[in-house]
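The values are calculated or read from the model by the stated rules, or taken from the named source; none is laboratory data. All figures in this text were calculated on a predicted structure; none of them were measured in a lab. Neighbour counts run over all protein chains shown; Cβ positions are idealised from the backbone, glycine included. Surface areas here come from the heavy atoms of the whole protein model, side chains and all, with no ligands, DNA or RNA. Shrake-Rupley method; radii C 1.70, N 1.55, O 1.52, S 1.80 Å.
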Amino acid sequence: MTPFARSNGGSVSRWFWTVDRLLLTMLMLLIAVGLVFVLVASGPQAQRLAHSRHATLSPLHFFNRQLVFAVVGTLVMIGVSFLSRITVRRLCAVALPIVLLATIATLFLGVDTKGATRWIPVFGIDLQPSEFLKPCLAVVTAWILAARYDDPNAPVYTVSFGLTTIVAIILIKQPDFGQTALVLTIWLAQAVIAGLPLATVGLAAGGGFAGLVIAYFTVPHVAHRINGFLSPSSTDTYQVTKALEAFRTGGLMGVGPAEGEVKWLIPDAHTDYIFAVAGEEFGLLACAALALLYLAIVLRSAKQQLDEDDPFVFLATVGLLVQFGVQAFINMGVNVALLPSKGMTLPFVSYGGSSMLAMALTMGMVLALSRRNRFMRGRIAGHKSGGINAVRVDRRSMDR
Amino acid sequence: MSPSVLRQLRIRFSGQRHLALEQGRQRLVLFMMIFVGIAAMLFIKLVDLTLIRPVQAKSKAVAVKRPLRADIVDHGGVVLATSLKVQSLAANPRLIKDPKVLAQKIVAIMPGLNEAAVLKHLTGGGRFVWVKRKITPHDVYALNALGEPGLLFMQEYERIYPNAMLAAHVLGYTDVDGEGIAGVEDFFNDQLVTKTPQPAALKLTLDSRVQHALEDEISKAVDQYKALGGFGIVMDVNTGAIMALASLPTLDPNTPESAGDQAHFNAVTKGVYELGSCFKAFAVAEAIDQGTTTPGKRYDATHPLHLAGFSINDFHAERRWMSTTDVFIHSSNIGTAQIADEFGTERQKEFLGRLGMLKAPSLEVAEVGKPIIPNPWGRLATMTVGYGHGLAVTPLQLASGMASLINGGYLVHPTLIDKPQEQNRERVISQATSDTMRALFRLAVTQGTGSHADVDGYRIGGKTGTAEKPKAGGYAHHALISTFASAFPMDAPRYVVIASLDEPQAAVATGGLVAAPIVHNVILRSAPALGVMKSTADVDVSALMPFVAHKKIKKRVAA
């Protein structure tokens, strides 16, 4: 009996035939590409670190660590993709309060890096709990919002928004405006998918904007914060300027692997500005290919959800994909100066253990939630969902 | 609730749920389109940056593209200066992992380097530092084999002077970046720097054979008399073309930085000296030309001249009445002072000005000196300038002035570049005066102070000069500039030859004793190269012989 025969009833075999193998392939490719970029971008940072500590450090220091993160991340992602959707939901429901408490803990005992307290040391690795907060929160809000499909009168928006607001307030305290905006965006996307009237969205957006404008002109503290948000500090301007130069120097084909200069000039070259390093050394072709890969991952997963009938799965996947996609495009947007600097990493590519593990968890859950019989268009027949027993058939075949 | 009601509810919910999911799907498609839109914006921005507004990648190392310098050759085509491709060692400190170990390795390959200095380069800021300019191919090979990515090899051109010290002061030298900073290298820098791969060489009038003879003889004399230095020049009397020009101490232009300050000084073009009795030729020539004296006119040299508290005396005091001819060949200060006095201050100024003695000479080197002119220029100054004191000029001006006196009376402009002879040459004295001067110079050698210069058959004529160097408040009696200014062959002059020693140490260190032998030897060695044949013919001195009081039948030692 071959190990992956379809008739094999084992769990691995069942996973193999139900998981979205194209998505998994694209994610693995992304992790591999990320390793190459960290390899070329992180040497100078290792040297700077060695200089600042008056020690010698392998130029491959960060790459070696990222290699471990990538292996662990891949295993975590595949492991999570084995989970059933019920387990995913329960896991996040349990994890959310824990991660929330850990995030609060960073405010008091966190490691202060570059003016923000986001990290707590766990087993010698500085972990950033807020990275794990996002996927857990997205799954939990999806669960809450999915209740609307069974009871249209349930106060799902209020509850889920309340929970999101609590998280947002904690993140603002760190302060981490980028993550705050991301968490709010995820909730908004899920709420809109769940049926939040667009008029309400427009009204809320307009009202919020108006409130901000009023606050800007009346409360000096708010004005200061908003100014800081809109016009980044001089170091950020420097990084953005150098990043733009890097893209322009790279041109179509780049100056060649490891031949770039920008990584010597900006401190975040291996994390927030790794896209610029890729642009300089590998050129437009590599950058466009990378952006296309992100887009393909998001579109592929989203398209899979168009056939999804379970509202929780639908909403959770949308939340996780928004997190993944928006974070990727915000990072790339910052690198090419379309957006102000946010301090957001490029998923699976930027150096960092927390980012890698959290992303592995995120996309592992996307894989888990999208597992299905690849030879049927709809849900697996007879699946129990939302408390209602209904035999579901393929939507399209029903339409016919 | 009854089962039927529940069933009703379920159906209703199922319908609503279906509609809600359908709305969600539509909105998700909208989200996907928004996402594609965002991605499109990113692409547009990327294309804008990389393709529409690209910048040239800065070369990893600063582009060091030293221009190729043209060769410099002598008039026979002998290469005096050329450029060779060499490699230089530079480094990008940011790429160097362990500068300490690397510095040790570099010093092991090039033991001449200082390890601490190398380490300082390797740990310096920036992305480009020179470690060692112009290294040997062998060292390049060994350094390259270190496999250190932080080391860079830059191609440069090194200026090479294959004859080392030969004509160093004429050629000058370049700085480490290949820019001419002295001599012809400086003067013709723009012309020598060229973009063409095979630039035409710059041809000088120098003859390296004559140049070598001149340098060698002066050098030997400097050693013999323990002089501070010496200088000399060989010049074509008609064209002003300089065949040789030497100034000692000299330097090796391949390593100019290792030479002392004095060695960088070109005494012939930059130094100004009171050249003493050699200048009597100008006083005598101008007086004869203007008719204020004749070769036979007699002057009272029985006692020193006293004027304004100064006294003018003779070095070789004859204590008698002397003809102008005797005044010249025996180098009488007393007689010359009277000749100059008769001539007058204004005419002296005008004459020396026409000879170009009162302004800096023009020559194709960077270093030219400005004469020191007497101030005030009264009667006393006129007399002293007559016998070569009070006016300091460059030896180059003495050479061109002397050439003008004997070439038929035409003004000479010294040059290092072959030029066709000027058509309308400016006359400074008449042909007749020039002929008389030739005879006087010849007599000074055969009958007077210049006898040590004479070489059988080459008809040398010349004038000695022994000047005390000025010092604070007067003149230093034992610090002399001893000169012999000559030309040959005197019946049809071709070349001026001047040699001089700076502070020769000897009991009697006059120009006739220490400088005239240099000229003798130089002419002996270089006349064949210059194309002058020995001949029994000689300049006609019969017209002047009646005015020579003590005739020598055979040349004897004279001072």
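For peptide B:34-47, the mean count of partner chain Cβ atoms within 10 Å of a residue's Cβ comes to 6. Inter-part distance, the stretch B:260-285 to the stretch B:112-166, computed on C-alpha centroids, equals 43 Å. Can you give me the accessible area per residue for chain B, using a 1.4 Å probe, in Å²? Accessible area per residue, chain B: 44 Å². Over all other residues within a Cβ to Cβ distance under 11 Å of A:Gln327, the charged ones net out to +1, with Lys and Arg as +1 and Asp and Glu as -1.
Close amide-amide hydrogen proximity is noted between A:Leu127 and A:Ile120, A:Val122, each under 5 Å apart and 5 or more residues distant or on a separate chain (H modeled in the peptide plane; Pro and chain starts excluded). Working note: Debye formula, equal point scatterers on the alpha-carbon atoms of the protein assembly as shown, no solvent; log10 I(q)/I(0) at q = 0.08 Å⁻¹ is -0.81.
Once you reduce the stretch A:135-192 and the stretch B:432-500 to the center of their Cα atoms, the two points are 110 Å from each other. Tell me which of B:Pro493, B:Tyr157, B:Val101 sits at the most positive position along the dipole axis of chain B, charges placed on C-beta atoms (Lys, Arg +1; Asp, Glu -1). Ranked along the dipole, the leading option is B:Val101.
In order along the stretch B:542-548, the phi-based Karplus estimate (6.51 cos²θ - 1.76 cosθ + 1.60, θ = phi - 60°) of 3J(HN,Hα) comes to 4, 5, 9, 4, x, 8, 8 Hz; Gly and Pro are listed as x.
What does the highest-first list of B:248-254, B:180-186, B:329-335 look like by mean Cβ count within 10 Å?
Answer by packing, highest mean first, reads B:329-335, B:180-186, B:248-254.
When only Cα pairs below 8 angstrom with a gap of at least 6 residues are kept, chain B shows a relative contact order of 14 percent.
Karplus-derived 3J(HN,Hα) values for the stretch A:196-202, using 6.51 cos²θ - 1.76 cosθ + 1.60 with θ = phi - 60°, are 4, x, 4, 4, 4, 4, x Hz; glycine and proline are entered as x. Per residue of peptide A:140-150, the mean number of Cβ atoms on other chains within 10 Å of the residue Cβ is 1. Peptides B:338-349, B:446-457, B:278-289, B:73-84 ordered by packing proxy, namely the average of other Cβ atoms within 10 Å per residue, highest first: B:278-289, B:446-457, B:338-349, B:73-84. Counting only protein heavy atoms and using a 1.4 Å probe, the accessible area of B:Thr196 comes to about 70 Å². Accessible-area rank, largest first, for A:Tyr238, B:Tyr495, B:Tyr225: A:Tyr238, B:Tyr225, B:Tyr495, with all protein chains present and a 1.4 angstrom probe.
The packing ranking of peptides B:311-323, A:189-201, highest mean first, is A:189-201, B:311-323, where packing means the average number of other beta carbon atoms within 10 angstrom of each residue. For the segment A:331-340, counting C-beta atoms of other chains within 10 Å of every residue's C-beta and taking the mean gives 3.
Amide H to amide H, with H built 1.01 Å from N, B:Ala241 comes under 5 Å of B:Asp236, B:Thr415, counting only residues 5 or more places away or on other chains.
Entry note, chain B: the mean residue ellipticity at 222 nm calculated from DSSP H runs of n ≥ 4, each adding -39500 (n - 2.57), is -10500 deg cm²/dmol after division by the residues and rounding to the nearest 500. Once the Cα atoms are used to define both axes, helix B:208-224 deviates from the longest principal axis of chain B by about 70 degrees.
Shape class for the stretch A:20-370, computed from the alpha carbon gyration tensor (a ≥ b ≥ c): prolate, with a/c not under 1.5 and a/b above b/c.
Per-residue 3J(HN,Hα) values for the stretch B:18-31, derived from phi via the Karplus relation 6.51 cos²θ - 1.76 cosθ + 1.60 with θ = phi - 60°, read 4, 5, 4, 5, 4, 5, x, 5, 4, 5, 5, 4, 4, 4 Hz in sequence order (x marks Gly and Pro). Let me know the shape class of the stretch B:210-558, please: from the alpha-carbon gyration tensor, a ≥ b ≥ c as square roots of the eigenvalues, rounded when a/c is under 1.5, otherwise prolate if a/b is greater than b/c, or oblate. Rounded shape, in that the Cα axes give a/c under 1.5.
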